[in-house]
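Structure, as structure tokens:
What follows draws every value from the coordinates through simple rules; no lab data is involved. What you see is a predicted model; the values in this text were computed from it and never measured. Heads up, the Cβs are rebuilt from the backbone with ideal geometry, glycines too, and the neighbour counts pull from every protein chain shown.
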Amino acid sequence: MLYHAYELNHAAIAPLKALSEFGQQINTSVYNPVAYTPMGRSMAAACELFNRMTRRYGRPAWEIDSTEVGGKTVPVHIETQLCTPFCNLLHFRRELPKGKGKNDPKVLIVAPLSGHYATLLRGTVRAMLPDHEVYITDWRDVRNVPLALGSFDLDDHIDLMMDFMRFLGPDLNVMAVCQPAVSVLAAVSLMAAEKDPMQPHAMILMGGPIDTRMNPTKVNQHAETKDLAWFENSVISQVPFPQPGFMRKVYPGFVQLSGFMTMNLDRHMEAHVDLYNHLVEGDGDSADQHRKFYDEYLSVMDLSAEFFLQTIETVFQKHALPKGTMTHRGVPVDPSKISKTALMTVEGANDDICGFGQTSAALNLCSNLKDDKKLRHLQQKVGHYGVFNGKRWREEIQPRIAEFIRRV
């Protein structure tokens, strides 16, 4: 009923949205003298604010069509290398000049499967492109995946990681951002136990919940204080007709977004008040910055219920990986088997989603990995988002990752 109520609400306010959009057009028209007055700007700002708060945000564009290699701008083409029902493997192929970038390290960026689209890592990709051959996991919104294509849980997620690593070869470097750090570490552990020749060269775990017992955050505490039945009854819903995924059980993106917003509600309310003031004052640059951020932030997708619930139970409630009790289809997951793949962990000192020490716990779990193949990086003055995006990511974190990949 949760999803149906959400759709009904959108349908109910549709006339108001149409009226508000018309009001915005009227009050921003160059042919309307009122548009140049304080009253006209106030009306236009109010309408835009209402429109932005009630609209649906689809998958954002990558907006990456070039990069710099060796001081020269080269075109970038986004190509799909593999298609699966729940995720596509994308390649950002650079048109390299002769003699440039041919031996650049190959990097698979594993985007989080936690509500936002992979385009949230646009800045991550841009920073890696000049000196790396970049691939990324492009997760599909499961509301668009027909029920007949089957389910998708944490075990399937780990299988997919191993499939992608084997497809891209043993010279691959894997970078897991946030939630998939667990799946990537599990996948590499399983491959190491099997002495798989396609084990990656290095893996970089960034702001991931390897051991959520370390400095637990509000997110961790919420996951621990509720039993699995509560999550299943309270936040799991079925995709309504006429969506392609009709009847599929999902953790809706709008529920996840509500959780994101309420964690910092005062900040988000203040940001929208600032947007109104910027529009009234004619501060277009500040308004554009707000639009750019929230167009991405408010674009969310549904997650498979099986994946969500299994992740809650395995990672946040049972702490199965750090306790040594995690299994994948009945096979134990043992990070101590890793001896070939180098490991770097990256954490933000101000991360309020994945606390300090949760990601670097992986270094202790990989007990048979030599010290010269391990690196722990704690970035000061950044939160969760700053671990993989922004100025400090570009100027301090990404160079350390690039150096680590080449050194090991």
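A few notes on this one:
- Extension gain, ASP372 back to ALA18 (0.36 nm per residue minus Cα-Cα distance, nm): 121.3 nm
- ³J(HN,Hα), Karplus 6.51/-1.76/1.60, whole Hz, each residue of the stretch 306-314, x for Gly, Pro: 4, 5, 4, 5, 5, 5, 4, 5, 6
- On the principal axes of its alpha-carbon atoms, the stretch 311-383 has extents of 41, 32, 14 Å, going from largest to smallest.
- Per residue, the convex hull around the alpha carbon atoms of the stretch 328-369 comes to 83 Å³.
- Comparing PRO200, PRO252, PRO240 in a Gaussian network model of the chain where C-alpha atoms under 10 Å apart are linked, the largest mean-square fluctuation is found at PRO240.
- Cα-projected label distance for GLN25 with HIS222, points at 7 Å along beta-carbon direction, nm: 3.8
- Database remark: amide H of ILE210 closer than 5 angstrom to the amide H of THR359 (H placed geometrically; neighbours at sequence offset of 5 or more, or on other chains; Pro and chain starts carry no H).
- Taking 0.36 nm per residue of separation and subtracting the Cα-Cα distance, full extension of the segment from ALA193 to HIS10 would add 60.9 nm.
- In this structure, the pairs whose alpha-carbon distance is over 32 Å, taken from LYS17/LYS391; LYS318/LYS373; LYS72/LYS106, are LYS17/LYS391.
- Length gained when the stretch SER336-ARG291 is fully extended (0.36 nm per residue, less Cα-Cα span): 11.6 nm
- Interchain or long-range residues, amide H under 5 Å from MET203's placed H: VAL174, ALA342, LEU343, MET344
- With N counted as the residues of the stretch 184-262, its alpha-carbon radius of gyration over 2.2 N^0.38 Å works out to 1.54.
- Under 13 Å, Cβ to Cβ, from TRP230 - net charge with Lys/Arg +1 and Asp/Glu -1: -3
- Stokes-Einstein D (µm²/s) once Rh is taken as the Kirkwood radius of the stretch 87-186 over alpha-carbon pairs, at 20 °C in 1.002 mPa s: 147
- Alpha-carbon Debye profile of the stretch 1-155, log10 I(q)/I(0) at 0.08, 0.17, 0.19 Å⁻¹: -0.43, -0.98, -1.07
- Spatial separation of Cα centroids for the stretch 334-408 and the stretch 191-235, in angstrom: 15
- Anisotropy class of the stretch 29-96 from Cα gyration tensor, a/c 1.5 cut: oblate
- Projected label distance in nm at PHE241 and ASN88, using a 7 Å step from Cα toward the beta-carbon: 2.9
- Taking 37 °C and 0.692 mPa s as conditions, the chain diffuses translationally at an estimated 144 µm²/s according to Stokes-Einstein applied to its Kirkwood radius (Cα pairs).
- Using the Cβ of GLY355 as centre and a radius below 11 Å, the other residues enclosed give a net charge of -2, where K and R count +1 and D and E count -1.
- Local electrostatic count, MET53, Cβ distance below 15 Å [Lys/Arg +1, Asp/Glu -1]: 0
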